Ligand SMILES: C[S@@+](CC[C@H](N)C(=O)[O-])C[C@H]1O[C@@H](n2cnc3c(N)ncnc32)[C@H](O)[C@@H]1O
């Protein structure tokens, strides 16, 4: 989907994905792993920044990227109002070069927002934006939908796309927003050493 498509959705207020709170799965993950090294986190397709702020609250050096200028503006304003520190930048995660390499990428509703034929670009982007020993934490949306966004995926597709490059560290069905209960899968991947 184009930058104009997403910008129009923000400008018209048609952003029902935004639940006004971070991913419950992310909140629980950070609470369950208080000793993770506090590296640099990239949240691509960050929207208005709820997940970015959750990482910032937990003490990570956090960066949010989005293709829609209004998302970046809203995320910046909300983060300032919350008294938190995080950096936001307009970027096309699939095609742009990263401003730096990251220890973590956190995926939440970007993989399902792009066209399925762009998923190879997405995996290449994750490898480009991560450090060689980086980690990829994803709350995947496991819906069957072929007409999107959101576009569905399966456990098999995720395994096929990510396991050539990443070792699976943890897998669970996370706590979700009420309308997504049982429809999400948290996968924590560590990049394979080459
Ligand atoms: C469904 S929304 C999810 C936003 C946020 N992750 C959330 O859960 O609230 C998808 C977001 O990805 C952004 N996006 C779509 N394609 C992108 C791309 N190629 N690079 C960066 N952001 C992108 C959109 O502008 C939108 O903010």
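Could you give the length gained on full extension between residue 82 and residue 155, defined as 0.36 nm per residue of separation minus the Cα-Cα distance, in nm?
Here the segment from residue 82 to residue 155 would lengthen by 22.7 nm.
Taking the chain as a Gaussian network, Cα atoms linked when under 10 Å apart, which of 36, 110, 84 shows the biggest mean-square fluctuation?
36
At 0.36 nm per residue, and after removing the present C-alpha to C-alpha distance, how many nm does the segment from residue 92 to residue 181 gain when stretched out fully?
Full extension from residue 92 to residue 181 adds 29.1 nm.
In a Gaussian network model over the chain where Cα atoms closer than 10 Å are linked, find which of 155, 57, 38 has the largest mean-square fluctuation.
The residue with the greatest mean-square fluctuation here is 155.
If you average the alpha carbon positions of segment 128-194 and of segment 12-60, how far apart do those two centres end up, in angstrom?
Result: 15 Å between the Cα centres.
Order of 177, 10 from fewest to most other C-beta atoms within 10 Å?
177, 10
So, R0 is 30 Å and r is the distance between the beta-carbons of residue 170 and residue 100; what FRET efficiency does that work out to, to 0.05?
0.70
Just check segment 111-194 against the gyration tensor rule for me: Cα atoms, a ≥ b ≥ c as the square roots of the eigenvalues, rounded for a/c under 1.5, and otherwise prolate or oblate depending on whether a/b exceeds b/c.
oblate
State whether segment 42-102 is rounded, prolate or oblate according to the following rule on the C-alpha gyration tensor (a ≥ b ≥ c being the square roots of its eigenvalues): a/c under 1.5 gives rounded; otherwise a/b larger than b/c gives prolate, and the remaining case gives oblate.
It is oblate, given that a/c is not under 1.5 and a/b is not larger than b/c.
Using 0.36 nm per residue, how much length does the chain from residue 147 to residue 61 gain when fully extended, once their Cα-Cα distance is taken away?
That pair, residue 147 and residue 61, stretches by 27.4 nm at full extension.
Order these by the 10 Å Cβ neighbour count, fewest first: 12, 23, 70.
By the 10 Å Cβ count, ascending: 12, 70, 23.
Only Cα pairs within less than 10 Å get springs; with that Gaussian network setup on the chain, which residue of 45, 83, 182 has the largest fluctuation?
Highest fluctuation among the options: 83.
Classify segment 99-154: rounded, prolate or oblate, from the alpha-carbon gyration tensor (a ≥ b ≥ c, eigenvalue square roots; a/c under 1.5 rounded; otherwise prolate if a/b is larger than b/c)?
prolate
None of the figures in this text is laboratory data; all of them are computed from the coordinates on show. This is a predicted model, so every value here is computed, not measured. We place every Cβ from the backbone using ideal geometry, glycine too, and count neighbours over all the protein chains shown.
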